[in-house]
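Comments concern the structure below.
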Amino acid sequence: MRGIFEWMLGLDGLGWMRRVKIQQRRGQTLHEYQVIGRRLPSEQEPTPKLFRMRIFAPNEIVAKSRYWYFLSKLHKAKRANGEIVSVNEIFESDALKVKNFGIWLRYDSRSGTHNMYKEYRETTRAAAVETCYQDMAARHRARFSSVQIIRVATVKASDVRRPYIQQLIQPNLKFPLPHRVQRPATKAARSLLIAQRPSTFY
């Protein structure tokens, strides 16, 4: 009986895949990881070259998997003849400041592979990439596995290209409040019936 519950809870050998899917359904935010790996030492190459990548993933397990995916595309190295040296999570130094981020990406559509550049306003790089994944899923029906983040960089206000971001970086930006409801200062001053209909549009 215990083995059945362990299988249902995902505590067996393939349980991490189910836990990753559960975290993705719950809206687990992405994290930025620095993954360093290399080929296994051999007689021809006793000190293999290290390869470092910055991966955006919900956890370390997915970050390692994406690392080997990209490394097999760029170099002739795979998980069977390689090893992970270190995995570190990268945190934003000024996570309370809103910044402009430019994201260079490549994604696979139904017709082919396309390059794209997008801009977002977020507080962290990981939040900008997560917004990018949601935007690509909404606009282009692109899955998480078909989107490859090439580069993420902070963009100055003078270098912003997209109009939907330029309209948000104006110095005297104001948002109107068309529907304001006047509320009493205290609960005791509230009345159940009033003599006239309140006007909430100005």
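The calculated FRET efficiency for the pair residue 70 and residue 179, based on their C-beta separation and a Förster distance of 45 Å, comes to about 0.40.
Under Stokes-Einstein, with the Kirkwood radius over Cα pairs as Rh, the value for segment 152-202 at 4 °C and 1.567 mPa s is 83 µm²/s. Heavy-atom accessible area for residue 177, with the other protein chains in place and a 1.4 Å probe, reaches approximately 110 Å².
Past the 21 Å Cα-Cα mark, which pairs from 49/76; 64/99; 49/118; 76/118? Table pairs above 21 Å Cα-Cα are 64/99; 49/118; 76/118. Straightening the chain between residue 104 and residue 193 buys 26.2 nm, computed as 0.36 nm per residue apart minus the Cα-Cα spacing. Answer with a single label: of [x] 22.4; [y] 13.6; [z] 14.8, which was calculated as mean projected area of the Cα convex hull in nm² from the structure in view? Read-out taken from this structure: [x]. With all protein chains in place and ligands, DNA and RNA left out, the 1.4 Å accessible area ranks 165, 90 as 90, 165, largest first.
Just checking the listed ones, 118, 76, 174: in the Gaussian network model of the chain with Cα springs under 10 Å, the one fluctuating most is 174.
The values are calculated or read from the model by the stated rules, or taken from the named source; none is laboratory data. Note that the coordinates shown come from a computational prediction; the quantities given were computed from them, not determined experimentally. Neighbour counts run over all protein chains shown; Cβ positions are idealised from the backbone, glycine included. Please note that ligands, DNA and RNA were not included when accessible areas were found on the heavy atoms of the full protein model with its side chains. Shrake-Rupley method; radii C 1.70, N 1.55, O 1.52, S 1.80 Å.
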